[in-house]
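The values are calculated or read from the model by the stated rules, or taken from the named source; none is laboratory data. Since the structure is predicted, the reported quantities are computational estimates derived from the model, not experimental observations. Cβ placement follows ideal geometry from the backbone for every residue including glycine, while neighbour counts extend to all protein chains displayed. These accessible areas exclude ligands, DNA and RNA; they are computed on the full protein's heavy atoms, side chains included. Shrake-Rupley method; radii C 1.70, N 1.55, O 1.52, S 1.80 Å.
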Amino acid sequence: MMDKQIHLWAFLQGIGFFPSGWMHERARPEGVFSMDYYARVAKLAEQGMFDAIVFGDQLQSRGAGGRTPERMAMPTLDPVSLLTAMAAVTKHVGLVATVSTSYNTPEMLAERFGAMERISGGRAGWNIVTTAHPATAPNFGDNDLPPKDERYRRAKEVVAKACELWAAMDREGPMLPQGRPVLVQAGQSADGRDFAARTAEAIFCPAANIDAGIDFRSDLRARVAVVGRDPDGVRIMPGLSCVLGGSEEEARASHAAILDLADDALAIEYLSESLGCDLTPFDPQGEIPVTTILEHTILPKADIARAVTPAHEKRTPLGAFAANFMRHPRGHNVFLGTPEQMADMMISWRDAGACDGFTLQPSYMPGGLEDFVEQVVPILQQRGRLRTEYPGTTLRETLGLPAREAVAA
Amino acid sequence: MTRPFILSASLAEAAFAVPQSAAPILQAAEAAGLDLLMMGRSGARPFDAQVLLAWAAPITTRLGLVATVPASNAHPFHVARALSAIDFLSAGRTGWSVIPEGSPDGMAEDMVGAARALWDGWGSDTLILDKARGRYLDASKVRASNYEGPFFKVAGPLNAMRPPLGHPLLVVDGDDPIDVADADIGLIGADGAAPAATRRLAKVSLDADVAALSNRFAAGEIDGVHFTLTDALAQLPEIGTRFGSLVADRIDATGDLRARLGLPIPQTASNQPGGAVVPENA
Ligand SMILES: Cc1cc2nc3c(=O)[nH]c(=O)nc-3n(C[C@H](O)[C@H](O)[C@H](O)COP(=O)(O)O)c2cc1C
């Protein structure tokens, strides 16, 4: 009935999309340690008719070279726990936890998500990640991460085994309302996209502009069709952040004000983490220490060289490079404008086939989510692009997928 | 504070896995004045207790929430993170009990050692949250644990805060004991052997003699009682009726579980005196 409905997911790890977001006057950095905050945010997402709340997750503490940053928001709490607690105070919104296939057994995964699925009344989803940060390995008794192709090979086996275990849990009872949790993925590489095409019912991706969205969605839908699945059974959900204002100029000014909350020291901590090498001992006025970076980084050296070489050749000072790097939105679309303009943009992406909806990454929390729900959601509803009530109780129903996955062994 | 009489119970009914049964059971547990509700037990873990603990946190206010954790199917990095989160969500009402059943000798103890080392990698006063000065935390209070045990090797730091309780209460069941010298709560086994713990609870049935238990408590023989529930919804109100008088003096007590039960973090278990503090945001 509602053609071209826009799906909304809220990506709520941390205190917002911008590294300086926690310092905003409408951010509540102390909130992420209290149930009140999560209850409020979960109800807000439900009021805004979001399909689901997603928490990203990492299995290493933030920092670089053994130094913990002092200016970045951390740590983040366990997503399964946060989302399950949110289930107790909501009725409809889906709950998608990011959990690694490389550092969990299928038994652990099946138990955790099976329990989450039952106690939430069928609202659980799993964002399947293979974990790409090398600093994770020493937390699990290893020196190094397995290579990517091996991680995705293991992911395939782990997911298949977990599905078998869920089928058994479902038979034994109490039943899993959706048969198993909804499977979500965010692969970008060939291995990753192939895995997503075979496995995922919803896919996250960065898409900086409408063409990037169209390219990604067409590519994924083609891959889904090739493996014999229905492309309409997969929701493609690019990331989207925003700063709203009464006018475009006002939104731009608010955006600049958020970025200006960050000083050189924060920018250098953020750059250090992104480059996998502690740069805090270096003079921000001095040149980018490329040799040191390439010698010490724990991330793939070729990627890091590509990121720093152009600025180094232009003799950009370290501090200026870091400040500019932090302003770069990690390939995601950051919308600046009025609520009406934002709704127009979202509708045009949807109509152009650039997405099935958006994974909203509020710029700071909870203010950024409040603004979106209060200002943009009603416009999307007036235009008939966003539901005004939930169609059922399970996440699968909310996504417009069959209510119960026919669990094949 | 005076030594409190502790009322505890464990539950391992498969029906607890769905909200329609779990919600009334949690309400009944709170109404009965229970201090601790242990989810799952040795030989019976029909659900993932850590997940149910998180669900219970926002819909209970005073109940201590204890997760059984199977040493054979868990990793200390994950367990330490989940219990940290639940302790924040429940404002300091979390406990755990590592079940050695089915795991090699020493693995449960290794799990405890590793998780404690990870929690101790964060100081109680690490968070600053000063927006004006842009200082989120004091990095000098965060350390890598570099824990190396016979089964688990965990570098850290944990990407979760030290819990408000410092460490969640550690419960050891004398009928399936683990070898730690400094648990918080010990359940006395059928053979009468009490695990080394700050407080020891007698396992009793619902028809136990209340006056006799009261005498054993006054004599310092026990610090409370533990029930093994088989039909929680029917049994919890009966516990409240028969044993509620033993905890009536504390029914309105507030504060985190350690404060309410008079349980400091065992010194041997921590290099920090207390739990994590979250500063009020300016
Ligand atoms: C919106 C989005 C969110 C993601 N969240 C996480 C996360 O929380 N944890 C994680 O380990 N990886 C996360 N990833 C990384 C993906 O799982 C994936 O590894 C990445 O997109 C690169 O693709 P590849 O694995 O095919 O190289 C995320 C990716 C995207 C696009």
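Looking at A:Phe50, A:Phe113, A:Phe55, A:Phe18, which one is among the aromatic types (Phe, Trp, Tyr) and at the interface with chain B (Cβ under 9 Å from one of its Cβ atoms)?
None of the others qualify; the one that does is A:Phe113.
May I ask you to say which residue of B:Ser84, B:Ser103, B:Ser97 is more than 9 Å from every other protein chain (Cβ to nearest Cβ) and crowded, with 24+ Cβ neighbours inside 10 Å? So that I can check it myself, show each step before the final result.
Details: B:Ser84 fails: more than 9 Å from every other protein chain (Cβ to nearest Cβ); B:Ser103 fails: crowded, with 24+ Cβ neighbours inside 10 Å.
Only one candidate passes the filter, namely B:Ser97.
Quick one: how many residues across the range A:121-138 are in contact (Cβ under 8 Å) with a residue 12 or more places away in the chain, open to solvent by 10 Å² or more (accessible area, probe 1.4 Å) and at the interface with chain B (Cβ under 10 Å from one of its Cβ atoms)?
The qualifying residues number 2.
Filter the range A:75-96 for residues that are hydrophobic (A, V, I, L, M, F, W, C), buried (at least 23 other Cβ atoms within 10 Å of the Cβ) and within 10 Å of chain B (Cβ to nearest Cβ) and give the result.
A:Leu77, A:Val80, A:Leu82, A:Leu83, A:Ala85, A:Met86, A:Ala87, A:Ala88
Within the range B:149-161, is there a residue that is closer than 23 Å to B:Phe227 by Cα, within 12 Å of chain A (Cβ to nearest Cβ) and modelled with pLDDT of 95 or more?
Initially, the range B:149-161 is screened for residues closer than 23 Å to B:Phe227 by Cα, giving none.
No: zero hits.
Which one of B:Ala91, B:Ala57 is in a loop (DSSP other than H, G, I, E, B) and either at negative phi or touching a residue at least 24 places away in the same chain (Cβ under 8 Å) (or both)?
Going through B:Ala91, B:Ala57 in turn, the sole match is B:Ala91.
If I filter the range A:21-38 down to residues being open to solvent by 40 Å² or more (accessible area, probe 1.4 Å) and more than 20 Å from B:Leu89 (Cβ to Cβ), which single residue comes out as farthest from the other protein chains (Cβ to nearest Cβ)?
A:Arg26
Which of the residues belonging to the range B:209-234 are surrounded by fewer than 20 Cβ atoms within 10 Å (Cβ to Cβ) and in a helix (DSSP H, G or I)?
The answer is B:Val210, B:Ala211, B:Ala212, B:Leu213, B:Ser214, B:Asn215, B:Arg216, B:Phe217, B:Ala218, B:Leu233, B:Ala234.
With the condition kept exactly as written, say whether any residue in the range A:43-53 is assigned to a loop (DSSP other than H, G, I, E, B) and hydrophobic (A, V, I, L, M, F, W, C).
yes
Report every pair of residues separated by at least 6 positions or lying on different chains whose Cβ atoms are under 6 Å apart, first residue within the range A:327-348 and over 21 Å from A:Arg383 (Cβ atoms), second within 16 Å of the ligand (Cβ to nearest atom) and open to solvent by 20 Å² or more (accessible area, probe 1.4 Å).
Between residues of the range A:327-348 that are over 21 Å from A:Arg383 (Cβ atoms) and residues that are within 16 Å of the ligand (Cβ to nearest atom) and open to solvent by 20 Å² or more (accessible area, probe 1.4 Å), the close pairs are A:Gly331/A:Pro206; A:Gly331/A:Ala208; A:His332/A:Pro206.
Which residue is nearest to the chain's Cα centre (by Cα), if the candidates are limited to the range A:163-191 and must be surrounded by fewer than 16 Cβ atoms within 10 Å (Cβ to Cβ) and within 16 Å of the ligand (Cβ to nearest atom)?
A:Gln188
Does A:Ile258 meet the test of being of a type in the set (Val, Ile, Thr) and free of Cβ contacts under 8 Å to residues at least 60 places away in the same chain?
In short, no.
Would you mind telling me which numbered condition in (1) under 20 Å from A:Met72 (Cβ atoms); (2) within 12 Å of chain A (Cβ to nearest Cβ) B:Asp125 fails?
(2)
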